[in-house]
């Protein structure tokens, strides 16, 4: 009768194809499998939907065009002038995170964005990339980002470390936001699912809550992909224009 | 599709889109500020504020701890960096709430303030 509820079991990494190269564990895992599926799906969507591009778009072409326009609009408004140069990167990022979030909502699937190392790898890539872009564009003038103009020298002693710190925590906030949202949502789904399994008489209550949470998670999946991409645009804007 | 004029189906579609838009006019006007989207955006903002505050403090303290370990200045690095982390977190929250995005620095605010002042002058 006692059904064990293991809400965190869904996040276990399983090695599908064990692979060790030079002492490094580079096995092909379930996480990597879902990532591959996500990449293949996005590529297929964009390639197949636009292959027979019609003036009056069909369903799939509409989906591809809408996502393209959505991201293009986001980059243009948030990254500002010259930001469109980085559109391919932001589009790839948005679609990858979006597919990762939503593929994870399919039962028995795996949410790779619920692993901090995945989101942190994405965030630190953005952080390093944006910093390099900023320095390449503005040289060491880029550092003026940390020194607000028109501030007394005494305050600068305090402000520069604070600004520097608030710049350096960006990859952490960016990655933890996405990871924590996904982890919390999926854990909640699993816990209420477990309640439904262990309370057969009243299963309808936790089940109903689960359905509602599922809808909330669909919203969160899109929203977090959007937040991730839009923050990337804002960071790019900083680096391109020094605000 | 094989009707003589190739523009014909397009015109037809244009008419249908216009009619649909007119029919949906009232609802589309409200949709952008409907409960769903405002709920979503406030949820995102709430998450962002929480994460921003927490992470700044944790990362600041962590850096302080690392500096202490490296230079043997325990406990000063941790104490100072803790407070700097709190300050940075609050700064980021303030930026997130006032809609300044995540921009480091103040130039944006100065420009916005100047623009607002100019706008008011023009208006009066």
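For chain A, build the convex hull from the C-alpha positions and give me its volume per residue in Å³. Don't jump to the answer; show the numbers that get you there.
Numbers: hull volume 49.6 nm³, N = 243.
In chain A, the Cα hull volume divided by residue count equals 204 Å³.
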Whole-number percent relative contact order across chain A, with pairs defined as alpha carbons under 8 Å at least 6 apart
28 percent
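Summing -39500 (n - 2.57) over the DSSP H runs of n ≥ 4 in chain A and dividing by its residue number, what mean residue ellipticity at 222 nm do you reach, to the nearest 500 deg cm²/dmol?
Numbers: 7 runs with 166 residues, N = 243.
After summing the helix terms and dividing by residue count, I get -24000 deg cm²/dmol.
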Per residue of A:169-175, count partner chain C-beta atoms within 10 Å of its C-beta, then hand back the mean as an integer.
6
Cα long-axis angle, helix A:204-241 against chain A (0 to 90 degrees, to the nearest 10)
20 degrees
0 to 90° range, to nearest 10: angle between helix A:153-168 axis and chain A longest Cα axis:
30 degrees
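With all pairs of different alpha carbon atoms counted, what Kirkwood hydrodynamic radius in Å does the range A:70-170 show?
Computed over Cα pairs of the range A:70-170, the Kirkwood hydrodynamic radius comes out at 16.3 Å.
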Taking chain A as a Gaussian network, Cα atoms linked when under 10 Å apart, which of A:231, A:98, A:212 shows the biggest mean-square fluctuation?
A:212
Acute angle (nearest 10 degrees) that the helix A:170-198 long axis makes with the longest principal axis of chain A, alpha-carbon atoms:
10 degrees
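If you wrap the range A:117-243's Cα atoms in a convex hull and average its projection over all directions, what's the area in nm²? Please report the intermediate quantities before stating the final value.
Numbers: hull surface 40.5 nm².
Approximately 10.1 nm², given one-decimal rounding.
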Counting only other chains, and only Cβ atoms inside 10 Å, what mean value do you get across the residues of B:41-50?
3
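Read-outs throughout are calculated quantities, based only on the coordinates presented, and are distinct from any laboratory measurement. Just so it is clear, the structure is predicted and the values come from calculations on it, not from any experiment. Virtual Cβ from ideal backbone geometry, glycine too; neighbours counted across all protein chains shown.
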